[in-house]
Amino acid sequence: MKVRFDEIPADGLRLTIADEAWFPDHELERRGKVAAAVVLRRDGNRVFVEGSLSATVVLTCDRCLEPFVHELVDDFQVDCEFAESGGFPDGADEHEIDAAEMDTILLDEPAVDLFELLAQQVFLALPTRILCAEECRGLCGGCGIDLNKGKCRCGAKESASPFSVLAGLKDNKK
Ligand SMILES: [Zn+2]
Ligand SMILES: [Zn+2]
């Protein structure tokens, strides 16, 4: 869903996105409906996008590999800039722009692709450490048992990941 710069009135354009096609269903599992709303304001060759989105997603825990439900709620602000000289630098496409640069998106046409923008925001809003619970004990590196559910019988130290080592240290202090 593209919004051309010349479709944005002087006092801004407020949109509630009813079409859920923006959600990256092929990359992320979700439960139920998703919601998104944006406000676009234009200043010459720049468009400032302010928005919010929410979705219930199913993530896989980095430690125990179990799926869990996560409520994703995000407010975002993105500056979109149309550069007449051709947009992206040579050899780079929009997928190679790292997160630090995401606050400004360079466009190669005077139009904002809202669905693409919303899909990007979903990934930016994901937690950096994906854990079913902060205290998740993960899997045993020896026998592979889910330590949240049962006791290890192989006697291996909890060293499946640096995180489970940390979890072990925390336990020792108790
Ligand atoms: Zn877990
Ligand atoms: Zn074990």
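Bear in mind that the values in this text are calculations on the coordinates, not laboratory data. None of these values were measured; they are calculated from a predicted model. When we count neighbours, we look across all protein chains shown, and the Cβ atoms used for this are built from the backbone with ideal geometry, even at glycine.
With the simple spin-label model, which puts each label point 7 Å out from Cα in the Cβ direction, the residue 4 to residue 126 separation comes to 3.5 nm. Fewest-first ordering of 48, 123 by other beta carbons within 10 Å of each residue's beta carbon gives 123, 48. Among 72-80, 20-28, 49-57, the peptide with the highest mean count of other Cβ atoms within 10 Å heads the list, and the full ranking is 49-57, 72-80, 20-28. Under 15 Å from the 7 Å Cα→Cβ point of residue 31, by amide nitrogen: which residues of the range 52-80? Taking a point 7 Å out along Cα→Cβ of residue 31, the residues of the range 52-80 whose backbone N falls under 15 Å are 55-61, 66-73.
Net charge dipole, the range 2-125: roughly 620 debye, given to the nearest 20, about the Cα centre with Cβ charges of +1 for Lys and Arg and -1 for Asp and Glu.
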